[in-house]
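Visitor: Would you mind keeping the following structure in view while I ask a few things?
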Amino acid sequence: MEKDNNQYRYSFIALTVLFFMWGFITVMNDFLINTFAEIFKLKPSELSYIQVSFFGAFFIISLLYFITTNVLKKDPINRIGYKNGMAISLLICGLGSANFYLAAASESYGQFIASLFILATGVTLLQICANPYAAILGPEKTASSRLNLAQGLNSLGTTIGPIIGNLLIYAVFVKDSKLDAIGKAYLLYGIIFILMAVAVLLSKMPKIQEKNEGFSGFGVLSNRNLRFGILAIFFYVGSEVAIGSYLGSFAKDPSIMGASEQAANSFLAFFWGGLMIGRLMASTSLNTAYSNRQKNVRMLLTSFLVFVMIWIVNGIEINPKNESGILAFNPIALEELWVYIVFLMINFIAFNLGKGVASKMIVIFSSINLLLIVLGIITKGEFAFWCILGTGLFFSIGWSNIFTLSIRGLKNLTSQGSSLLVMAIVGGAVLPYVQSLIFEKYNVQMSFIIPAIGMIYLIFFGLNGHKRKEDLKV
């Protein structure tokens with residue numbers, strides 16, 4: 001038993017590297033949008049192909065996977081095992097990334113978009129494999145804790161990804177054209193993905209497969225928690241991406257902060273970094289191995305250390321004149337972040353109120369976010385901005401807790417159900433678009449009514465939607 005526990009522990013450590021890598025590569029989309037706009041002189045609608053291609057892959061590939069399971073009457077990933085599925089996914093990520101090099105050589109925006117779709121296909125399949133694998137790699141009662149920890153490493157990738165990308169393109173490959181630099185950077189990413197695929201195949205990660213070979217086709221949707229969970233993922237991802245997408249515009253609004261482009265962008269790391277803080281704290285809060293006192297000490301320490309890390313990483317920038325080295329350090333003044341520090345304290349209190357219960361935490365955190373969003377809509381000035389920015393801390397626990405509650409009890413249909421949940425990530429394309437329509441017709445402040453609606457649904461899911469039919473009969 002001890003040997004199995006150690007094997008699971010080492011396998012989970014390896015799994016967190018995969019979560020880090022797909023967070024790292026996903027956040028590079030923002031970099032591509034800014035860079036391609038200048039290189040190819042693209043209109044906003046043409047730039048949107050980047051996100052459409054990426055989020056579209058999540059929807060299309062997940063839908064095809066679900067259809068395939070019904071045509072074959074078998075769940076492919078359950079048949080080949082999660083370990084092999086992750087290796088294949090990483091290989092596809094590697095091929096998609098490496099194809100950026102060919103796209104740069106041909107100077108073709110269309111080929112870049114095609115490469116991004118291939119890359120996103122690998123990330124989609126990796127999500128279908130890795131999320132349930134993290135959940136079932138140990139006792140069910142600690143599944144949310146493991147997935148929150150893995151998602152925390154995913155957020156670490158989104159936090160430091162832009163820094164590394166900037167270093168590679170503007171420092172390491174600075175002598176090349178921007179297209180060549182992007183091509184070489186992604187070629188390097190591709191090599192890393194392929195090496196990771198080989199490492200996974202050669203590793204001793206357990207080849208977990210459900211023994212029950214019965215297949216129910218569309219019967220997986222008879223699971224009440226999965227049906228409501230699909231919508232919960234749709235609203236969760238859509239609301240999170242919507243706020244992240246329009247936070248900069250919100251900061252630049254004269255009635256809010258009137259911030260410059262550079263100043264607005266400087267605060268974004270604290271939104272996305274807030275997700276990392278919350279997810280790492282959640283991995284402790286949901287871990288039944290710790291006493292309440294141990295949990296509180298670990299959560300406070302995590303909150304402080306990660307906040308400092310985000311503050312430092314956010315202050316690192318490429319020295320444009322390169323007079324005293326490649327890098328410069330220009331952090332946000334700490335006195336400007338005092339409201340964010342207050343939100344960190346509220347975040348800690350929320351975890352204590354949740355008492356490590358996944359459904360209860362969804363209700364508490366979504367309720368706080370609903371309040372913050374409403375305050376962001378009805379108030380003005382810096383206070384309104386900080387309310388919207390602070391939602392990152394409370395979005396943090398959403399994905400992991402929704403996912404584990406949604407696949408609970410699916411058994412051999414777990415990866416099939418996972419594909420439907422991953423397909424719901426298309427909310428990240430739909431809700432921001434709907435929000436943009438409100439933005440254009442009214443203003444950016446009023447447009448946040450869309451994520452507010454998302455929070456109302458998540459509160460319902462935490463109160464009732466996550467329950468299985470068996471739970472309702474108790």
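Visitor: Could you grab me the full set of residues in region 239-260 that are modelled with pLDDT under 80 and within 17 Å of the chain's Cα centre (by Cα)?
Guide: SER245
Visitor: Say whether the condition of being in contact (Cβ under 8 Å) with a residue 60 or more places away in the chain and not in a helix (DSSP H, G or I) is met by at least one residue in region 418-438.
Guide: no
Visitor: Looking at region 419-474, which of the residues that are under 21 Å from LEU247 (Cβ atoms), β-branched (Val, Ile, Thr) and at pLDDT 90 or above is surrounded by the most Cβ atoms within 10 Å (Cβ to Cβ)?
Guide: It comes out as ILE450.
Visitor: Let me ask something else. In the list ALA98, ALA104, which residue meets the criterion of being touching a residue at least 24 places away in the same chain (Cβ under 8 Å) and open to solvent by 10 Å² or more (accessible area, probe 1.4 Å)?
Guide: Answer to the selection: ALA98.
Visitor: Can you tell me which residues in region 337-385 are β-branched (Val, Ile, Thr), touching a helix residue (DSSP H, G or I) at 6+ places or on another chain (Cβ under 8 Å) and either touching a residue at least 60 places away in the same chain (Cβ under 8 Å) or within 17 Å of PHE460 (Cβ to Cβ) (or both)?
Guide: ILE362, VAL363, ILE364, ILE368, ILE373, VAL374, ILE377, listed by residue number.
Visitor: Further, regarding this structure: Go through region 364-376 and give me each residue that's closer than 14 Å to ILE453 by Cα, crowded, with 16+ Cβ neighbours inside 10 Å and aliphatic (A, V, I, L, M).
Guide: ILE368, LEU370, LEU372, ILE373
Visitor: Of the residues in region 384-417, how many are aliphatic (A, V, I, L, M), farther than 17 Å from ILE233 by Cβ and open to solvent by 10 Å² or more (accessible area, probe 1.4 Å)? Spell out how you get there, then give the answer.
Guide: Of region 384-417, the ones aliphatic (A, V, I, L, M) are 384, 388-389, 393, 397, 402, 405, 407, 410, 413.
Narrowing further to those that are farther than 17 Å from ILE233 by Cβ: 384, 388-389, 393.
Imposing the further condition that a residue be open to solvent by 10 Å² or more (accessible area, probe 1.4 Å) reduces the set to none.
Result for region 384-417: 0.
Visitor: State all residues of region 349-363 that are crowded, with 17+ Cβ neighbours inside 10 Å, in a helix (DSSP H, G or I) and not β-branched (Val, Ile, Thr); if no residue qualifies, say none. Steps first, please.
Guide: Initial filter on region 349-363 (crowded, with 17+ Cβ neighbours inside 10 Å): 350-351, 354, 356, 358-359, 361-363.
Now restrict to residues that are in a helix (DSSP H, G or I): 350-351, 354, 358-359, 361-363.
Result: ALA350, PHE351, GLY354, ALA358, SER359, MET361.
Visitor: A further question follows. Of all helices (runs of 4 or more DSSP H) completely enclosed by region 261-338, which ones contain at least 3 residues that are at pLDDT 75 or above, basic (Lys, Arg) and over 20 Å from LEU389 (Cβ atoms)?
Guide: Fully inside region 261-338 and qualifying: 292-315.
Visitor: Among the numbered conditions (1) within 20 Å of the chain's Cα centre (by Cα); (2) over 23 Å from LEU247 (Cβ atoms); (3) not β-branched (Val, Ile, Thr), tell me where ASN347 comes up short.
Guide: (2)
The values are calculated or read from the model by the stated rules, or taken from the named source; none is laboratory data. Given the structure is predicted, the values throughout are model-derived calculations rather than measurements. Cβ sites come from the backbone with ideal geometry, for glycine too, and all protein chains shown count toward neighbours. Please note that ligands, DNA and RNA were not included when accessible areas were found on the heavy atoms of the full protein model with its side chains. Shrake-Rupley method; radii C 1.70, N 1.55, O 1.52, S 1.80 Å.
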